[in-house]
Structures are given as C-alpha cells and as structure tokens.
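What follows draws every value from the coordinates through simple rules; no lab data is involved. Note that the structure is a prediction, hence the values are computed from the model and not measured. FYI the Cβ positions are ideal-geometry reconstructions off the backbone, even for glycines, and counts take in every protein chain you see.
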Amino acid sequence: MANFNQIDKARRLLGTGETATLKQVKAAYKRIANRYHPDRYKEVDKVKCDEMMKKINEAYELITKYCAEYSYPFREEDVRRTYPHDEYLRKYHYGWFDGI
C-alpha cells in the first residue's frame, strides 16, 4: 500500500484536487496523457515525453490501486452520514417549484 506522500504526489501530477471521484481521476489521466504522449512529438522531445508518460502511468496506477483497495462502508448509518445533503435536497430543492 502506498503512503500519503506517494498518493499526494501522484494526484498532483495528474492535476486532481485533494478530493476527486474515480471518474475525475480518469479524465485527468486522459487529459495529461494526451498532452505528453510520445507520438505527438519529434524524436528530440520523445525521450522527455517517454519519461513523463512513465511517471503519469505510475501515478494513475497508484491512485487506481488505492481506490480499488479502499473499503467502502455499506452500513445504513455510514451511507446516511456520507450523504447528509440528500435529506436537505429532498426537503428543499426537489419539488420546490411544485407549490408555485
């Protein structure tokens, strides 16, 4: 398992915030991998891009492995605590226009 510093360095390399969904991590990976893909550059810059792509791939692998090994709680109290704003949305946002 990676330590915090490794994961933090990886997420900064990919350009994600301190919190990100797996979907956001994948989008960040695609964006930066597209920018540094060696096929986009001439021979002179390919070596630098190859090195950068190795770092990008390692960062993505580290974060996805961390996410895959994360233990998600499925107990009712944990689910409720995870999404406390749902009650607020049901009460005040959804159906707000019904009374108008």
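Shown in residue order for region 32-39 are the 3J(HN,Hα) couplings computed by the Karplus curve 6.51 cos²θ - 1.76 cosθ + 1.60 at θ = phi - 60°: 6, 5, 5, 5, 9, 4, x, 5 Hz (x for Gly and Pro). Listed from fewest to most Cβ neighbours within 10 Å, the set THR64, THR16, THR21 follows the order THR21, THR64, THR16. For region 6-15, backbone phi angles converted through the Karplus equation (6.51, -1.76, 1.60; θ = phi - 60°) give residue-by-residue couplings of 5, 5, 5, 5, 5, 5, 5, 4, 6, x Hz, Gly and Pro being listed as x. Remark: the LYS23-TYR70 segment gains 15.4 nm on full extension, using 0.36 nm per residue and subtracting the alpha carbon distance.
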